[in-house]
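The values are calculated or read from the model by the stated rules, or taken from the named source; none is laboratory data. Predicted model, so just to flag it, every value in this text is computed and none were measured. Cβ coordinates were reconstructed from backbone atoms using ideal geometry, including for glycine residues, and neighbour counts include every protein chain displayed.
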Amino acid sequence: MNAQFPMNEGAQDEKELRAELVAYCRLDAQAVGKIFELMQNSDLRFSDAAVQLGLVSHGDVEAAMARTQANQAPRESGLIETAIRRISSDRRIVLKHGEIVAPSSRLILAHDADNPRSERLRALRTELLLLNEGTRGANVVAIVSPGSGEGRSQLSAELAIAFAQLGRRTLLVDADLRNPQQHVFFGATNEHGLTKVITNFEKPIYHPVLGLPQMHLLTAGPTPSNPLELLSDGRFEKLVTEWRNAYEFLVLDTPPLSKCADGIAVATLAGRVLLLSRAQHTTYASTRDMLRRLATSQARILGAVLNHF
């Protein structure tokens, strides 16, 4: 997954207008690509090329210009990230807050923006945004992998942090009810969590994340005796629906697919999955079996990540 768009760094106003048009007119990756292709073969600006292709109207351009003047974008943002910042959201939810938690040192993106891993995570974030295709509701992704020790929980946490750094409402849910790790990564207590929300019909307790005012964490809670039944329960499905309406980004951590069917239940509700494997650790046979099992969920596979550690 690679997406590179030319950008005139010396024309900040043009850059902001581009981002505003992408957000205001909900242009997808294919449309943006066509616009840049026309720009490369002509002397047209982004807005003029978009109008000539019939993707936007002159009225859209004028509205985008007015919005740009009224709301200046952060200058360090890229085109897609800036567009996401500009999309207005009326989602509101009454939250029951737990203790404030903080990302551990293992979550490099939260502590070292210049680290090569941080840059790769931001690139992955942009690619996932491009694949969203204007889907209504939250941008939902379940992180799945065949076995243990492949870095699934760490990637889930770091991807949620990457989304939250855009300044948009992000929820990280630990749906690995067998061997949860998110409370460890964020130093949270795990007395309450998803398990108790489902079994006892409790209100979820969302943990605010230090340094990321738009991010919340829902831990897994105590390990239940029937994790698959809980994740297949209508109450969990209702929760996912509520999260889609309340948040703009939703990341779901899952248990290993080779060991249990829990991940399939989560993938089915999420509808979109990101595959993870570990170099010199994940076998071809286990990956093939994972793909076979995912086919039954009819979840859309967004792509694959190869972990090296």
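For a quick check of your reading of the model, give me the residue pairs whose first member lies in the stretch 188-211 and is more than 22 Å from Glu158 (Cβ to Cβ) and modelled with pLDDT of 90 or more, whose second is surrounded by fewer than 23 Cβ atoms within 10 Å (Cβ to Cβ) and of a type in the set (Phe, Trp, Tyr), with beta-carbon atoms closer than 8 Å and at least 6 apart or on different chains.
Ile198/Phe236
Kindly indicate the residue of the stretch 219-239 that is crowded, with 22+ Cβ neighbours inside 10 Å and among the hydrophobic types (A, V, I, L, M, F, W, C) and also modelled with the lowest pLDDT among those meeting that condition.
Leu231
Here are some conditions: (1) of a type in the set (D, E, K, R); (2) modelled with pLDDT of 90 or more; (3) touching a Ser or Thr at 6+ places or on another chain (Cβ under 9 Å). Lys259 meets all but one. Which one does it not meet?
With respect to (1) of a type in the set (D, E, K, R); (2) modelled with pLDDT of 90 or more; (3) touching a Ser or Thr at 6+ places or on another chain (Cβ under 9 Å), Lys259 is out only on (2).
Quick one: which of Ala23, Ala64, Ala50 is in contact with an Asp or Glu (Cβ under 6 Å, 6 or more places away or on another chain) and part of a helix (DSSP H, G or I)? Spell out the reasoning first.
Working: Ala23 fails: in contact with an Asp or Glu (Cβ under 6 Å, 6 or more places away or on another chain); Ala50 fails: in contact with an Asp or Glu (Cβ under 6 Å, 6 or more places away or on another chain).
Answer to the check: Ala64.
When residues of the stretch 159-203 are filtered for being in a helix (DSSP H, G or I), among the β-branched types (Val, Ile, Thr) and surrounded by fewer than 16 Cβ atoms within 10 Å (Cβ to Cβ), how many remain? Before the answer, list the steps.
From the stretch 159-203, those in a helix (DSSP H, G or I) are 159-164, 182-186, 194-200; that's our starting set.
With among the β-branched types (Val, Ile, Thr) added as a condition, the list becomes 161, 184, 195, 197-199.
When the remaining residues are screened for being surrounded by fewer than 16 Cβ atoms within 10 Å (Cβ to Cβ), the result is 184.
Adding up the residues that qualify gives 1.
Restricted to the stretch 259-309, and to residues that are within 14 Å of Leu228 (Cα to Cα) and among the small types (Gly, Ala, Ser), which residue is surrounded by the fewest Cβ atoms within 10 Å (Cβ to Cβ)?
First, pick out the residues of the stretch 259-309 that are within 14 Å of Leu228 (Cα to Cα): 259-269.
From the residues that got through so far, the ones that are among the small types (Gly, Ala, Ser) too are 261, 263, 265, 267.
Working: Ala261: 16, Gly263: 31, Ala265: 22, Ala267: 26.
Only one residue fits best here, namely Ala261.
Anything in the stretch 40-64 that is in contact with a helix residue (DSSP H, G or I) (Cβ under 8 Å, 6 or more places away or on another chain) and of a type outside the set (A, V, I, L, M, F, W, C)? List them, or say none. So that I can check it myself, show each step before the final result.
Within the stretch 40-64, the first condition is being in contact with a helix residue (DSSP H, G or I) (Cβ under 8 Å, 6 or more places away or on another chain), and the residues that meet it are 42, 44-47, 49-53, 55-58, 60-61, 63-64.
Matches in the stretch 40-64: Ser42, Arg45, Ser47, Gln52, Ser57, His58, Asp60.
Yes/no matrix, rows are residues, columns are (1) at pLDDT below 90; (2) in the same structural domain as Gln280 (by TED's automatic domain parsing); (3) under 14 Å from the mean Cα position of the chain (by Cα); (4) buried (at least 19 other Cβ atoms within 10 Å of the Cβ):
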site	(1), (2), (3), (4)
Gly78	yes, no, no, no
Ile108	no, yes, no, no
Ala123	no, yes, yes, no
Thr135	yes, yes, yes, no
Gly149	yes, yes, no, no
